[in-house]
Amino acid sequence: MTHPSGGEYETLLRVVKQRAKMTSMPMKKMDKTPSAALWSTAYDFYQAALLVVKSEPRWLRYQMVDYYLICHSIESALKGFLRGKGYTIPKLVKIGHDLEKALKHARAEGIEAHHQFSKDFLNDLAIANFSYKNKDFEYLLAGVVRLPKTPEVLLNGAGMLVASLQKFCIDKIHEHDGKESAHDPK
């Protein structure tokens with residue numbers, strides 16, 4: 001996957017510039033976490049995962065980094081979709097880092113109109129999710145962690161998911177502007 005195509009990139013850039021120049025809408029009413037920002041995070045984590053996974057073999061390969069980057073990309077993409085569907089920040093926070101829970105919510109909201117998940121991807125996601133949601137990929141732990149055979153299925157699936165959701169998440173960038181859901185009412 002490459003950077004967004006010329007027209008899509010220009011649209012995203014235009015929207016970001018418009019948002020930056022907005023003076024008529026109070027900051028409290030402007031969405032601080034739009035779907036496009038979550039999508040952009042998913043894209044960046046996917047690109048980072050590509051670099052790490054495809055890098056030259058090292059003497060000691062700690063694959064937790066590979067899986068963390070891939071899973072974080074998937075989480076951000078799913079949450080970008082949910083944000084575009086109207087989910088509030090507190091509702092997204094309640095999902096936590098549980099990829100299967102995020103996927104369940106996304107399926108209920110119709111994600112499969114934008115992206116079809118392969119059986120292999122779903123199987124590897126279930127295996128990786130146990131460690132990801134418990135933050136095992138973020139901390140060096142002694143012991144055995146169950147992982148998929150290779151990171152490639154999740155990596156390729158993450159790339160396809162991010163690509164599939166790009167237009168939707170960018171188009172929904174203003175979904176929460178001017179609404180109470182634009183900020184986290186604490």
Exercise for the section: Return the pairs, sorted by first residue and then second, in which the second residue is modelled with pLDDT under 80 and in a loop (DSSP other than H, G, I, E, B), the first residue lies in the stretch 170-186 and is among the β-branched types (Val, Ile, Thr) and crowded, with 19+ Cβ neighbours inside 10 Å, the beta carbons are less than 9 Å apart, and the residues are 6+ apart or on different chains. Expected result: Ile170/Pro4; Ile173/Asp31
Completion exercise
Every listed condition ((1) modelled with pLDDT under 95; (2) of a type outside the set (Val, Ile, Thr); (3) under 18 Å from Leu82 (Cβ atoms)) holds for Asn134 save (3)
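So, of the residues in the stretch 94-121 that are aliphatic (A, V, I, L, M) and touching a residue at least 12 places away in the same chain (Cβ under 8 Å), which turns out to be farthest from Val145 (Cα to Cα)?
If we filter the stretch 94-121 for residues that are aliphatic (A, V, I, L, M), which is where we start, we get 95, 99, 102-103, 106, 108, 111, 113.
After this cut, where a residue has to be touching a residue at least 12 places away in the same chain (Cβ under 8 Å) as well, the list is 95, 99, 102-103, 106, 111.
Values: Ile95: 23, Leu99: 17, Ala102: 22, Leu103: 22, Ala106: 27, Ile111: 30 Å.
Among them, the one singled out is Ile111.
Kindly indicate the residue of the stretch 124-134 that is touching a residue at least 12 places away in the same chain (Cβ under 8 Å) and of a type outside the set (A, V, I, L, M) and also surrounded by the fewest Cβ atoms within 10 Å (Cβ to Cβ) among those meeting that condition. Explain how you work it out, then say what you get.
Applying the first criterion (touching a residue at least 12 places away in the same chain (Cβ under 8 Å)) to the stretch 124-134 yields 124-133.
Now drop any that are not of a type outside the set (A, V, I, L, M), which leaves 124, 129-133.
On the way: Asp124: 23, Asn129: 20, Phe130: 15, Ser131: 19, Tyr132: 24, Lys133: 19.
The qualifying residue surrounded by the fewest Cβ atoms within 10 Å (Cβ to Cβ) is Phe130.
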Problem - Selected residue [within 29 Å of Leu51 (Cα to Cα) and loosely packed, with under 14 Cβ neighbours inside 10 Å] from Val93, Val162, Val153, Val145 - result: Val93
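Go over the candidates Phe121, Phe137, Phe117 one by one and state the one that is assigned to a helix (DSSP H, G or I) and surrounded by 15 or more Cβ atoms within 10 Å (Cβ to Cβ). Don't jump to the end; show me each part of the working.
On the way: Phe137 fails: assigned to a helix (DSSP H, G or I); Phe117 fails: assigned to a helix (DSSP H, G or I).
Result: Phe121 is the single residue among Phe121, Phe137, Phe117 that is assigned to a helix (DSSP H, G or I) and surrounded by 15 or more Cβ atoms within 10 Å (Cβ to Cβ).
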Problem - Any chance Ser76 is free of Cβ contacts under 8 Å to residues at least 40 places away in the same chain and in contact with a Leu (Cβ under 6 Å, 6 or more places away or on another chain) - result: yes
Problem - Number of the condition not met by Glu109 [criteria: (1) in contact with a helix residue (DSSP H, G or I) (Cβ under 8 Å, 6 or more places away or on another chain); (2) of a type outside the set (A, V, I, L, M); (3) within 22 Å of Val52 (Cα to Cα)] - result: (3)
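The values are calculated or read from the model by the stated rules, or taken from the named source; none is laboratory data. All of these numbers come straight from a predicted model, not from anything done at the bench. Reconstructed Cβ throughout: ideal geometry from the backbone, glycine too, with neighbour counts over all protein chains shown.
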